[in-house]
Amino acid sequence: MSSETISHGHTEEASVHSHDSHEAHGHDHHHEESFLSKYVFSTDHKMIGKQFLITGIIWAIIGGLFSVLFRLQLGYPETSFPVLEDLFGKWAAGGRISNEFYYALVTMHGTILVFFVLTAGLSGTFANILIPLQIGARDMASGFMNMLSYWFFFLASVVMFASLFIQTGPASGGWTIYPPLSALGQASEGSKLGMDFWLISMALFIVSSLLGGLNYISTILNLRTKGMSMTRMPLTMWAIFFTALLGVLSFPVLLSGAVLLLFDRNLGTSFYLSEIVVKGEILPNEGGSAILFQHLFWFLGHPEVYIILLPALGMVSEILSVNSRKPIFGYLAMVGSLFAICILAFLVWAHHMFVTGLNPFLGAFFVLLTLLIAVPSAIKVFNWLTTLWKGNIRFTPAMLFSIGFISLFISGGLTGIFLGNSTLDIHLHDTYFVVAHFHIVMGVASFFGMFAGVYHWFPKMYGRFLNNTMAYIHFWVTLVGAYLIFWPMHYSGLAGMPRRYTDWSNWQSFNQFQDMNRFISTVAMIVFAVQILFVFNFFYSIFKGRKVTSTNPWGANTLEWTTPINPGHGNWPGDIPEVHRWAYDYSKDGREFIPQTEPIGADESKH
Amino acid sequence: MSQVISEQKRKIHPHKFTLWVAIGSILMMFAGMTSAYIVKRSQASWLMIEIPMMFWYSTATILASSVTVQLALKSLKKREMINYRRLLAVTAVLGVLFIVLQIVGFGQFAAQDIRLVGAGSNASYSFLLAISGLHGIHVLGGVVALVVIAIRALNSSTRSYSSVPLEIAATYWHFVDALWIYLFIFFTWMK
Amino acid sequence: MSGYFILIILVLAFVLIFQISKASEYVSVLKGEEKSFKQSNRINAFLFILFMVLGLAGAWWCNELLYDRTLLAQPAASDHGEKIDFMMWLTIIVTGIVFLLTQVLLFWFAFKYQYSEKRTSYFFPHNNKLELLWTVVPAIFLTVLVGFGLFYWFKITGDAPKDAQIVEITGKQFNWMMRYPGKDNVLGRKNYRLTDASSGNALGVDWEDGASHDDIEASEMHLVVGKPVQLVINAQDVIHDVGLVHFRLKMDAVPGIPTTLWFTPKYTTEQMKKITGNKDFVYEISCDQICGSGHYSMRGVIIVETQEEHDAWMASKKPQYLTVQEGAAPAAPAADSTAAAASATMSKPLAQLK
Ligand code: HEM
Ligand SMILES: [Cu+2]
Ligand SMILES: [Cu+2]
């Protein structure tokens, strides 16, 4: 984004010099100013949403590339790739990824994808673009805070990116940064300067999410147009609302955990440290508790996985209904289950800590509450299936990804029932079973939700369509690839193969999966290449895509499709439309769809 | 925007509403901190904290500032602009004074040879520092907000008699005040 | 060289896909959007059903290939492990049924209800009975799973039998150290400030405590088959995790906060060689919590043996206290060279401790 600004600034300057007429100067000056305020420091929610999206895409490429790099190591532990040494120097001496490098890559991969892509890139994009458009508002409650939210995210990105170039490398203790490993520079290279950068970047990121989340909540609660009661809101709005609520209430707790960690790292305090001998050095710290951090971390960390998932749940519900030409089945149950998930998300964090020596009675509570989440999740799945049943389904790219999402959500959700049951978690904790579970249900599924959203709302964002053929290739390769990558990982998990290992060849118990690992790595590279195809399609279509010709290309009921094809600042040229009905009157009384703005007819049937 | 807001007249101002959500969020952070404190307290090697006298003074200061900010708001509503500016300034000064007193208070620990950080520090005192420090930063944020409002009040070109910004700032100010009272009671109770 | 070759092929493939995609867009505009929409809709609907069939077949095939390499194919080596295996199968069956049901319905509906001009969708916004049904049925299944799960959970985390053998295991970057309580069956007191690998006290045992004098230190864990064992788990530097895959157990090792874990080994190492048909079989301890750059190599070995073998092994070991007393070549059994070098600079004279 910023480089664009700079280069643009230069051309302006050049043109100013070539025309000495006063008029031209004035015009250019005006133009430059509007460029800055239009594309850079914009307070228009639609532009801020696009900024989040594009920054997210850039991060996704980086995070994905990291996974390709470390998959190279896992798939070909014996092979040397001289090109790696050319690129990364001492980190890949001899063409092999060093252990430090491996752990740095894994940590950055997790951090980037969880926070920068699927939190900021997903919530930031769709909350910003959709909230005012779908509830009928001119903009967010505070455009300025909204802009700050993006720029804090940008700053966080800069700091995290800078940490990649530190002499001792970026953080490398896993995205969960458990102390003491993350607190002691002596224990690991990545716990030196890189860890401070990580914490600072995260603090900025938290500020960004809070600013954004506050705005989303207060906009949804306060700025709905006339007639848009809460129960007439599209499910996307509900999902984003609950997402913001989760973020606003859980991120501050992570911040306090991070502050204490910064103290321990830099001021010699003992919040998390006790009785430590590291590399023979006896540390003075006593009385701290390493487990305390895990409580603070997972109090955010678990809601965080729902922060990632909920927007996808909402968008998929919406897209499924539009393209089945059928109302979403059980709207109130869908809202209720989102609410239940949101509440339970705060009450299950210790299921990540079953084997830390947690009190077994406490553990039992967390088992119960965790498995309780399966009930609202099951309601969602069955309601989606019923929505498809007797529909008239159009397989737009968004619809394909939504159906793919449901399949992945089922597969990944069911393995959660294994892990939430503490008895089984004793065996499965920190094995590849976990890697398979959270990638399918959180990583890939949320990505599918995000792709669905991008394909569905791209026409609203840019007034053009993405190319369909590329979209189909993108979908089918990604769906097949995701299963090929993560399905076999369950098996290595059931063999107890631990995660965060760079190499298993010296283990009697885990070295039997070499061929499988190689296969997974190969598929991962293909899947990555196809994502690049999507990115290409995305940027190409912004400029050259097929033009949208009608305001409502999908025949949807929601308000965003009542705006002009390229809505300006303020969204509706005239008055904000009034809402008369819920968003899901599809195929009612023999009419394919009835927009929310249409008053209830005299002889309309009730439901 | 303005049109939208006027449509919403009957409801709470969206910025005020945002502040209330933000307060909820800040509370979560301190809830995280104080529950960590409680967890730690139940463990071995916990030292009883002695609250220095200075903290009583700072508490009085911040209480007083809550009164002045309320008076400032009253003056603004009555259009007594001179009084209003004065009271605003007093509030900001009291805010700064509060922070100074807090720092002096922590200085007194050093005089008693109690380590807050570094080798030989005990988590109980480190907690006191971390939690009060975080609170201090929030007070500082309030001071900045007041200064911005004061500058706007002095700047004749943007003279505005809207009391909304100050109402929001005052609510926030009362909140950090109440937060400190809570922390203060918490520390004396839970030593 | 081959790298560039692959790169060129990739770029060419990209260009090709891109050109085809562009072309098909033009074609669809020419042919009429309606017609090309119907065509691609049919293709995608068919692909969904194909994906389901091939996917289920693929899952079957994957199972054929990989099942024997998992632990499901061999009996658990501890009593707790058997409970966990039972839970595992129960959960696999329950979730497996749900998986099949929902995935088949999903793809079948996608195929069956694909767009057709002749049909209009059925307006079906809600139905309380149905919704109640799929709230209650999953809840019942989950109650069963939670019930079994917690029953076993409390068994596994409950107190160890009184006669359990005690073994202490301590993790540090990047290896495991064991300590046995000796004849008195009491582990000597420790004080981490006394840790000094160079003088033979890698674990920081307080020699002033008489109970420590018969403690035996080792780098391998020896257990007796059929005899309950209680592990006392420590860490010196960062969090580690004692992972015992064959016993289906694990427990974190946290600096400053000792944890425990107990179980009864069911098969000796020799028996496991026969059961698994692997003549190189060993029980391994894997570190299951990221602990630094050597995490993946933090391997320990357990030898499960008969009581006689165990007694003989014990008898062959000399208590660490005596070794240190003699002062002869006191390198601790498991101290790695870097740790020893680092602590040498700290030099804490032994005399001072006594
Ligand atoms: C092509 C796609 C992907 C592949 C092949 C992949 C592969 C992997 C693998 C193998 C690991 C485990 C590494 C280890 O434990 O040594 C891992 C870790 C992780 N991945 Fe992915 N991943 C992909 C996409 C994603 C996505 C979309 C997310 C978003 C949530 C994600 C989030 C994570 C997280 C949070 C971790 C844990 C990092 C840690 O251990 O600290 N990944 N990934
Ligand atoms: Cu969780
Ligand atoms: Cu480890």
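The values are calculated or read from the model by the stated rules, or taken from the named source; none is laboratory data. Please read these numbers as outputs of a predicted model, since none were measured by experiment. All Cβ positions, glycine included, derive from the backbone under ideal geometry; neighbour counts span all protein chains shown. In case anyone asks, the SASA skips ligands and DNA or RNA and just uses the protein heavy atoms, side chains included. Shrake-Rupley method; radii C 1.70, N 1.55, O 1.52, S 1.80 Å.
Just a few scattered comments:
- Tally, over region A:291-307, of residues that are more than 11 Å from ligand 2 (Cβ to nearest atom) and under 17 Å from B:Ser25 (Cβ atoms): 2
Let's see how each residue does on (1) more than 9 Å from chain B (Cβ to nearest Cβ); (2) within 30 Å of C:Gln173 (Cβ to Cβ); (3) open to solvent by 10 Å² or more (accessible area, probe 1.4 Å); (4) part of a helix (DSSP H, G or I):
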residue	(1), (2), (3), (4)
A:Thr168	yes, yes, yes, no
A:Gly227	yes, no, yes, no
A:Thr231	yes, no, yes, yes
A:Leu245	no, no, yes, yes
A:Pro252	no, no, no, yes
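- Odd one out for A:Ala239 among (1) more than 14 Å from chain B (Cβ to nearest Cβ); (2) without any contact (Cβ under 8 Å) to a residue 24 or more places away in the chain; (3) within 27 Å of A:Gly314 (Cβ to Cβ): (2)
- Flag if A:Gly89 is within 16 Å of ligand 2 (Cβ to nearest atom), more than 22 Å from A:Phe519 (Cβ to Cβ) and open to solvent by less than 50 Å² (accessible area, probe 1.4 Å): no
- A:Ile565 being within 12 Å of ligand 1 (Cβ to nearest atom), open to solvent by 40 Å² or more (accessible area, probe 1.4 Å) and at pLDDT below 95: no
- Criterion applied to A:Phe153, A:Phe144 was being in contact (Cβ under 8 Å) with a residue 40 or more places away in the chain, more than 16 Å from ligand 3 (Cβ to nearest atom), of a type in the set (Phe, Trp, Tyr) and buried (at least 24 other Cβ atoms within 10 Å of the Cβ), and the one residue passing it is A:Phe153.
- The set of residues in region A:456-487 that are buried (at least 23 other Cβ atoms within 10 Å of the Cβ) and facing chain C (nearest Cβ under 8 Å) comprises A:Asn467, A:Met470, A:Leu479.
- Candidate set from region C:295-311 (those that are under 23 Å from A:Ala290 (Cα atoms) and open to solvent by less than 10 Å² (accessible area, probe 1.4 Å)); member that is farthest from ligand 1 (Cβ to nearest atom): C:Met298
- Scope region C:255-295; condition out of contact with any helix residue (DSSP H, G or I) (no Cβ under 6 Å at 6 or more places or on another chain), assigned to a loop (DSSP other than H, G, I, E, B) and either within 16 Å of ligand 3 (Cβ to nearest atom) or in the same structural domain as C:His80 (by TED's automatic domain parsing) (or both); matching residues: C:Asp288, C:Gln289, C:Ile290, C:Cys291, C:Gly294
Okay, residues lined up against (1) open to solvent by less than 10 Å² (accessible area, probe 1.4 Å); (2) small (Gly, Ala, Ser):
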residue	(1), (2)
A:Arg71	no, no
A:Phe116	yes, no
A:Gly124	yes, yes
A:Gly174	yes, yes
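- Listed by position, the strands (runs of 3 or more DSSP E) contained in region C:185-246 that have at least 2 residues being within 11 Å of another protein chain (Cβ to nearest Cβ) are C:229-235, C:240-244.
- Residues satisfying the stated conditions in region A:98-116, i.e. away from chain C (no Cβ under 14 Å) and among the β-branched types (Val, Ile, Thr): A:Ile112, A:Val114
- Residue list for region A:433-454, restricted to those being in contact with a His (Cβ under 8 Å, 6 or more places away or on another chain) and either farther than 16 Å from A:Arg500 by Cβ or hydroxyl-bearing (Ser, Thr, Tyr) (or both): A:Phe451
- For region C:149-185, a tally of residues being under 27 Å from A:Glu275 (Cβ atoms) and either in contact with a Ser or Thr (Cβ under 6 Å, 6 or more places away or on another chain) or open to solvent by less than 70 Å² (accessible area, probe 1.4 Å) (or both) returns 22.
- Selection status of C:Ile303, more than 10 Å from every other protein chain (Cβ to nearest Cβ), part of a strand (DSSP E or B) and either of a type in the set (Ser, Thr, Tyr) or in contact (Cβ under 8 Å) with a residue 40 or more places away in the chain (or both): yes
- Single residue of region A:431-455 satisfying the filter (within 16 Å of ligand 3 (Cβ to nearest atom) and crowded, with 24+ Cβ neighbours inside 10 Å) that is farthest from the other protein chains (Cβ to nearest Cβ): A:Tyr432
- Matching option when the condition is closer than 30 Å to C:Pro265 by Cβ, under 38 Å from the mean Cα position of the chain (by Cα) and either buried (at least 17 other Cβ atoms within 10 Å of the Cβ) or at the interface with chain A (Cβ under 10 Å from one of its Cβ atoms) (or both), among C:Leu65, C:Leu71, C:Leu54, C:Leu10: C:Leu71
- Scanning region A:92-105 for residues that are within 19 Å of A:Arg499 (Cα to Cα) and open to solvent by 40 Å² or more (accessible area, probe 1.4 Å) yields a count of 2.
- Of the residues screened, A:Leu332 is not one that is facing chain C (nearest Cβ under 10 Å), within 30 Å of A:Arg591 (Cα to Cα), modelled with pLDDT of 95 or more and more than 16 Å from ligand 1 (Cβ to nearest atom).
- Filter result for the condition that a residue is more than 16 Å from ligand 2 (Cβ to nearest atom), in contact with a helix residue (DSSP H, G or I) (Cβ under 6 Å, 6 or more places away or on another chain) and more than 14 Å from chain B (Cβ to nearest Cβ), over A:Ser149, A:Ser123, A:Ser142: A:Ser123
- Between A:Ser337, A:Ser377, the distinction of being of a type in the set (Ser, Thr, Tyr) and open to solvent by less than 20 Å² (accessible area, probe 1.4 Å) belongs to A:Ser337 only.
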